[in-house]
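FYI, it's all coordinate maths here, none of it is from the lab. Here the structure is a predicted model, which is why all the values come from computation and not from measurement. Please note: Cβ atoms are built from the backbone with ideal geometry, for glycine as well, and neighbour counts cover all protein chains shown.
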Amino acid sequence: MGDVRFRTMTKEEVSIAVSWAAREGWNPGLADAACFSTVDPDGFFCAEADGKIVGTVSVVNYDDRFSFYGFFVVDPAYRAHGIGMQLYRYAMQHAGTRVVGCDGVVAMVANYEKSGGLFLHYNNARYEGVGGGTMPARLVPVGDVDFMDLVSYDAAHFPARREKFLRCWIGQKGHYGLAQLDSDGKIAGYGVRRVCPTGHKIGPLFARDRATAERILDGLVAGIPGEQFYLDIPVPNVAAGALVQDRKMTPVFFTARLYTTPDLVTLPLDEIFGVTSFELG
C-alpha cells in the first residue's frame with residue numbers, strides 16, 4: 001500500500017459513497033446522493049491510496065450547531081491499517097465545535113466511545129414490511145402543504161432546520177410524500193417514501209400520535225402492493241414498537257444513535273415513527 005491522502009470528495013464522487021453504502025447492505029435510496037449533497041457540498045470525504053478511493057465518510061453540517069456523520073466505509077482490502085480512524089479524524093475537523101450525531105454499529109459502541117469521542121444515547125431498529133392496502137381519507141400530498149410550515153414542523157423533530165434538504169427530498173423523482181392536517185390546517189404528521197435498490201424506505205415519518213403515524217404509513221405503502229418497505233424506528237418510542245409488532249413487520253438490524261456530547265439531545269422521540277436516514281439523521 002502506498003501513501004494515503006485524505007481530501008474532500010467532489011459532488012460527482014458522492015455517488016461513490018452511496019454505492020458503497022449499498023454494497024454494505026445499508027440499502028440507501030436511489031436518489032440519496034442528489035439530496036444529501038444539497039445540505040453541505042463540502043461534507044463528504046475520502047481516503048486515497050494506490051491511485052484510487054479506498055475509504056469514504058461524511059460529516060455534513062446542517063447549521064452552526066449540528067452536524068451528522070455517516071457513510072463510513074473502508075474498502076475491505078485496506079482495512080486494519082488505521083485508515084478508517086485517520087479518515088474519521090480528518091473529516092471530523094469539518095464539524096468544528098458542532099454537536100455531531102451518527103448511527104453506528106451496535107457491536108462497535110465501546111470503540112466509538114473510547115476512540116471516537118462519541119456517547120450512546122439510544123438505539124434505532126430497522127423493520128421490514130410488505131406494501132399494499134387502501135389509501136386512507138384525509139391525507140394530502142406533502143407538496144400541497146405550505147413549505148415553510150413543513151420546514152418548521154420538521155425542525156421540531158430534528159436537531160436543525162433543513163430547508164434545502166427538504167426541498168429536494170419531497171420533490172425528488174421516486175419520492176412520494178403524504179401529510180395529515182388537523183382541523184385548523186396545522187400539520188399533524190408527514191412521511192416520505194423513496195425507492196431503494198431493494199424495495200422502498202419510509203423516512204421520515206413524524207406524527208403527533210400512533211393513529212396519525214399509522215394512517216400516513218398506510219397511505220405511503222398503499223401504492224406499492226406486494227413490494228418490500230423498510231421503516232427505521234427509535235427503540236425508545238414504545239408506540240412505534242407496538243406499531244411494527246402489530247403489523248407483524250420483521251426486524252432487520254439495530255443501530256446505535258450516538259452524539260459527541262453526553263448531554264441529552266432533546267427530540268420528541270414519541271413523535272418520531274420513522275428516522276429520515278441512518279446516513280444523514
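Quick notes on this one:
- Computed over the Cα atoms of region 182-236, pair by distinct pair, the Kirkwood hydrodynamic radius stands at 12.0 angstrom.
- For region 121-234, the antiparallel share of DSSP beta bridges with both residues in that region comes to about 90%.
- Each helix, a run of at least 4 DSSP H residues, gives -39500 (n - 2.57); summed and divided by the residues of the chain, these come to -7500 deg cm²/dmol at 222 nm.
- Hydrophobic, long helices, defined as DSSP H runs whose alpha-carbon span along the helix axis is 15 Å or greater and whose mean Kyte-Doolittle value is at least -1.0, occur in the chain at 210-222.
- Centre-to-centre, using Cα atoms only, region 1-70 and region 246-263 are separated by 22 Å.
- Here is the short version for the chain: C46, C102, C196 have no other Cys C-beta closer than 4.7 Å.
- For region 191-200, Karplus couplings with θ = phi - 60° (6.51, -1.76, 1.60), whole Hz, Gly/Pro x: x, 9, 10, 9, 7, 10, x, 10, x, 9
- Gaussian network model of the chain, Cα within-10 Å springs - most flexible of S183, S37, S67: S183
- Were the residues from L30 through T250 laid out at 0.36 nm apart, the gain over their Cα-Cα distance would be 76.9 nm.
- Inter-site label distance for D270 and T97 at 7 Å from Cα along Cβ, in nm: 3.4
- The share of alpha-carbon pairs in region 1-116 lying farther apart than 25 Å comes to 17%.
- Percent of Cα pairs exceeding the 12 Å cut-off, where the set is region 8-64: 65
- Formal net charge of residues neighbouring I16 (Cβ-Cβ distance under 14 Å; K, R +1; D, E -1): -3
- When each of C102, C35 is scored by the number of other beta-carbon atoms lying within 10 Å, the sequence from fewest to most is C35, C102.
- Whole-Hz couplings from phi, Karplus 6.51/-1.76/1.60, listed for region 119-136; x for Gly and Pro: 10, 6, 10, 5, 10, 10, 9, 9, 10, 10, x, 10, x, x, x, 10, 6, x
- Each of V109, V18 was scored by other Cβ atoms within 10 Å of its Cβ. Arranged with the fewest first, they read V109, V18.
- Here Cα extents along the principal axes in Å was computed from the coordinates, and among (1) 45, 43, 40; (2) 57, 44, 34; (3) 61, 38, 32 the match is (3).
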